[in-house]
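Asks: Below you'll find the structure I mean.
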Amino acid sequence: MVDTINVRSEKTHTASSASQGTITPHTRPSNCLPSFVRSIMSSVVEISDEPGQPPALSALSLAQTSKDSKAKEQVITPFDVSGGVDEQGKPVAIDYDKLIDRFGSQRIDKAILARFERLTGKPPHRLLRRGMVFSHRDLNLVLDKYEKGVPFFLYTGRGPSSNSMHVGHTIPFEFTKYLQDAFDVPLVIMLTDDEKFLHSPKLSLQECRRFALENALDIIAVGFDVKKTFIFADTEFIYSDHGAAFGFNILEMAKKTTNNQIKGTFGFNDTNNIGEFAFPAIQSATSFASSFPFIFGHNTKAVNKIPCLIPCAIDQDPYFRQCRDNAPRLGLMKPALIHTVFLPSLRGSESKMSASDTDSSIFLNDTDNQIKKKVGKAFSGGQDTREEHERLGGRTAVDVPFQYLTFFLEDDERLEHIRQQYESGKMQSGEMKATAIKELQAYVAAFRERRKAVTPEIREEFMRPRQLIFKSMPLVEEQVTAIQERRRMVLRELTLLDEGLARLLANGEAS
């Protein structure tokens, strides 16, 4: 099997070495993760999250089909997620243990869960308890610094490819909100409308920009604290006055990143546009506190020591392996990451939810009736007849409605009771679907109510560059100095505008 990532060292191969590395097949059983995660380790067909994904992603795909077999390894990239295929051509489950081993990340274990509870004084989030948040990079280093009084900040994002997000998109955001509340830390949310435009031949820049603004409303409705949260769209922020420091870090990262590194990490080739090659530097720059002096201050030496923690789905990890390889060469801290699993499609364990495939997903703007119809058609792990179901029981590992309950039902004891009832045959498939429908309707209905309250004016405040309020924020004196300097620049600009207007009026009167 060909593999182009030296995941142990996080170093990416060059284009020439990308075709040479080999990996011995792993034989470790996939039983070291919690049962809830094993139940959702579903195989995923190749359905893009948006139309027109870039070509030639095979270099990162962790996949190659044997000449004498139909077997194919799983593909996990930022642009493509697909499960493996066995020798008979049947889809097999995504192996999260294999991803951990190949990507070189660490497992979320009981010790980390206990540490979360001790540091925050709150029980771990259900996604942590059930193993949906399953892997990390350097999380313990961030927590070590936090215990010593060193602040950190959160960074996550969304690639806006549709008007509305689906429930699968809320998983990292809901977990990010938990982290923000539990640790009282600032959060930066990046809307990569530029990336979606560059990667998607069918999407215009205007569409991507509109999607970003609509998705911002959805993200705000998750419940983030406006005093601690800054949301920005790349196409607006990068080219603004406040984006200057961000732009400097983009250039520094871009200079340290070669085309061969990008080809080795993402599988790009000469048919990809130059914007696609440049974008990883943009996504990386958000990982550094010095990109946001209006939040963290202008003391570069101190700001460069502020760690960043990135909650994201595991398919985004390649961007930040690239970033972590280059950050020390710039004298910057490597960002830490914490990974979530994928939410399965309505169709079953052969696919994941996709924004471009409406029949596979439950969207946050779906009505109760739409949710009922969609879940009613969802893939079931029940038996063919009532008699067989009572005798053999249901299969929770492949039952989509049950898998959704593992994500969205808060009560652990009730979830375990449902599992036992279904697997024993005492609960029928119709009852399982009815339970999932009720839970998802309540989840989406609560979101819809919050969404109604999010006005364009509220969005504007979230997206306004400003000083956030959090522990260890810059001293008042530094904030005052920064505001005075900004005021001086604005007044100077107003003076120039007034002078220009006066000249125009004077010339008009003269003529």
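The values are calculated or read from the model by the stated rules, or taken from the named source; none is laboratory data. Values in this document were obtained by computation on a predicted structure and should not be read as measured data. Cβ placement follows ideal geometry from the backbone for every residue including glycine, while neighbour counts extend to all protein chains displayed. Areas reflect the complete protein model, heavy atoms only, side chains present, ligands, DNA and RNA absent. Shrake-Rupley method; radii C 1.70, N 1.55, O 1.52, S 1.80 Å.
Asks: Could you identify the single residue in Ile250, Ile219 that is open to solvent by less than 10 Å² (accessible area, probe 1.4 Å), under 23 Å from Arg464 (Cα atoms) and either outside any helix (DSSP H, G or I) or modelled with pLDDT of 95 or more (or both)?
Replies: Being open to solvent by less than 10 Å² (accessible area, probe 1.4 Å), under 23 Å from Arg464 (Cα atoms) and either outside any helix (DSSP H, G or I) or modelled with pLDDT of 95 or more (or both) holds for just one of Ile250, Ile219, which is Ile219.
Asks: Would you tally the residues in segment 481-511 being open to solvent by less than 70 Å² (accessible area, probe 1.4 Å) and over 15 Å from Asp241 (Cα atoms)?
Replies: Selection size over segment 481-511: 5.
Asks: Testing Phe173 on (1) open to solvent by less than 40 Å² (accessible area, probe 1.4 Å); (2) in contact with an Asp or Glu (Cβ under 6 Å, 6 or more places away or on another chain), one condition comes back false. Which one is that?
Replies: (2)
Asks: Among (1) touching a Leu at 6+ places or on another chain (Cβ under 7 Å); (2) under 30 Å from Asp368 (Cα atoms); (3) of a type in the set (D, E, K, R), where does Lys177 come up short?
Replies: The failed condition is (1).
Asks: What are the residues in segment 231-276 that are closer than 15 Å to Cys323 by Cα and among the acidic types (Asp, Glu), if any?
Replies: Glu252
Asks: Would segment 199-210 turn up any residue that is of a type outside the set (Ser, Thr, Tyr), at pLDDT below 95, buried (at least 23 other Cβ atoms within 10 Å of the Cβ) and within 22 Å of the chain's Cα centre (by Cα)?
Replies: Checking segment 199-210: at least one residue is of a type outside the set (Ser, Thr, Tyr), at pLDDT below 95, buried (at least 23 other Cβ atoms within 10 Å of the Cβ) and within 22 Å of the chain's Cα centre (by Cα).
Asks: Same structure again: Identify, please: which residue in segment 360-369 is out of contact with any strand residue (DSSP E or B) (no Cβ under 9 Å at 6 or more places or on another chain) and assigned to a loop (DSSP other than H, G, I, E, B) and is, among those, farthest from Cys208 (Cα to Cα)?
Replies: Only one residue tops the list, namely Thr367.
Asks: Is it fair to say Glu214 is of a type in the set (Asp, Glu), out of contact with any strand residue (DSSP E or B) (no Cβ under 9 Å at 6 or more places or on another chain) and surrounded by 22 or more Cβ atoms within 10 Å (Cβ to Cβ)?
Replies: Considered against the rule, which asks whether it is of a type in the set (Asp, Glu), out of contact with any strand residue (DSSP E or B) (no Cβ under 9 Å at 6 or more places or on another chain) and surrounded by 22 or more Cβ atoms within 10 Å (Cβ to Cβ), Glu214 comes out as no.
Asks: Could you please give the count of residues in segment 307-359 that are touching a Pro at 6+ places or on another chain (Cβ under 8 Å), in a strand (DSSP E or B), modelled with pLDDT under 95 and over 17 Å from Ile100 (Cα atoms)?
Replies: The qualifying residues number 4.
Asks: Next question. Is there a residue in segment 302-318 that is over 26 Å from Met463 (Cα atoms) and free of Cβ contacts under 8 Å to residues at least 12 places away in the same chain?
Replies: No, that holds for no residue.
Asks: Are any residues in segment 123-147 open to solvent by less than 20 Å² (accessible area, probe 1.4 Å) and either touching a Cys at 6+ places or on another chain (Cβ under 9 Å) or not in a helix (DSSP H, G or I) (or both), and if so, which ones? Lay out the reasoning, then the answer.
Replies: Taking segment 123-147 and keeping what is open to solvent by less than 20 Å² (accessible area, probe 1.4 Å), we get 124, 126-128, 130-137, 139, 142-143.
Those that are open to solvent by less than 20 Å² (accessible area, probe 1.4 Å) and either touching a Cys at 6+ places or on another chain (Cβ under 9 Å) or not in a helix (DSSP H, G or I) (or both): Pro124, Arg130, Gly131, Met132, Val133, Phe134, Ser135, His136, Arg137, Val142.
Asks: Please enumerate the residues belonging to segment 370-402 that are under 17 Å from Val444 (Cβ atoms), open to solvent by less than 10 Å² (accessible area, probe 1.4 Å) and part of a helix (DSSP H, G or I).
Replies: Result: Ile371, Val375, Val400, Pro401.
Asks: Moving on. If you scan segment 103-112, which residues turn out to be farther than 11 Å from Asn140 by Cα and either without any contact (Cβ under 8 Å) to a residue 40 or more places away in the chain or polar (S, T, N, Q) (or both)?
Replies: Residues of segment 103-112 farther than 11 Å from Asn140 by Cα: 103-105, 107, 109-110.
Across segment 103-112, the qualifying residues are Ser105, Asp109, Lys110.
Asks: Let me ask you something else. Taking segment 148-163 only, how many residues are open to solvent by less than 40 Å² (accessible area, probe 1.4 Å) and part of a loop (DSSP other than H, G, I, E, B)?
Replies: 6
Asks: Still on this model: Does segment 253-267 hold any residues that are open to solvent by less than 10 Å² (accessible area, probe 1.4 Å) and of a type outside the set (Val, Ile, Thr), and which are they?
Replies: Within segment 253-267, Met253, Gly264, Phe266, Gly267 qualify.
Asks: Kindly indicate whether Ile338 is more than 30 Å from Leu141 (Cβ to Cβ) and surrounded by 15 or more Cβ atoms within 10 Å (Cβ to Cβ).
Replies: Considered against the rule, which asks whether it is more than 30 Å from Leu141 (Cβ to Cβ) and surrounded by 15 or more Cβ atoms within 10 Å (Cβ to Cβ), Ile338 comes out as no.
Asks: I've got another one for you. Collect the residues in segment 443-468 that are among the aliphatic types (A, V, I, L, M) and either part of a helix (DSSP H, G or I) or within 24 Å of the chain's Cα centre (by Cα) (or both), keeping them in residue-number order.
Replies: Step one: list which residues in segment 443-468 are among the aliphatic types (A, V, I, L, M), which gives 444-446, 453-454, 458, 463, 468.
Across segment 443-468, the qualifying residues are Val444, Ala445, Ala446, Val454, Ile458, Met463, Leu468.
Asks: Any residue in segment 406-413 that is farther than 16 Å from Met132 by Cα, open to solvent by less than 10 Å² (accessible area, probe 1.4 Å) and either out of contact with any Asp or Glu (no Cβ under 9 Å at 6 or more places or on another chain) or not hydrophobic (A, V, I, L, M, F, W, C) (or both)?
Replies: No, there is no match, as no residue in segment 406-413 is farther than 16 Å from Met132 by Cα, open to solvent by less than 10 Å² (accessible area, probe 1.4 Å) and either out of contact with any Asp or Glu (no Cβ under 9 Å at 6 or more places or on another chain) or not hydrophobic (A, V, I, L, M, F, W, C) (or both).
Asks: Restricting attention to segment 400-457, which residues are in contact with a helix residue (DSSP H, G or I) (Cβ under 8 Å, 6 or more places away or on another chain) and of a type in the set (Gly, Ala, Ser)?
Replies: Result: Gly425, Ser429, Ala436, Ala445.
Asks: Kindly provide the set of residues from segment 227-247 that are assigned to a helix (DSSP H, G or I) and open to solvent by 30 Å² or more (accessible area, probe 1.4 Å), ordered by number.
Replies: Lys227, Lys228, Thr235, Glu236, Asp241, His242, Ala244
Asks: Restricted to segment 435-464, and to residues that are open to solvent by 40 Å² or more (accessible area, probe 1.4 Å) and hydroxyl-bearing (Ser, Thr, Tyr), which residue is farthest from Leu364 (Cα to Cα)?
Replies: Thr455
Rundown of residues vs (1) within 12 Å of Pro335 (Cα to Cα); (2) open to solvent by 30 Å² or more (accessible area, probe 1.4 Å), yes/no style:
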| residue | (1), (2) |
| --- | --- |
| Phe279 | no, no |
| Ala285 | yes, no |
| Ile295 | no, no |
| Lys301 | no, yes |
| Asn304 | yes, yes |
| Asp317 | yes, no |
| Gln322 | yes, no |
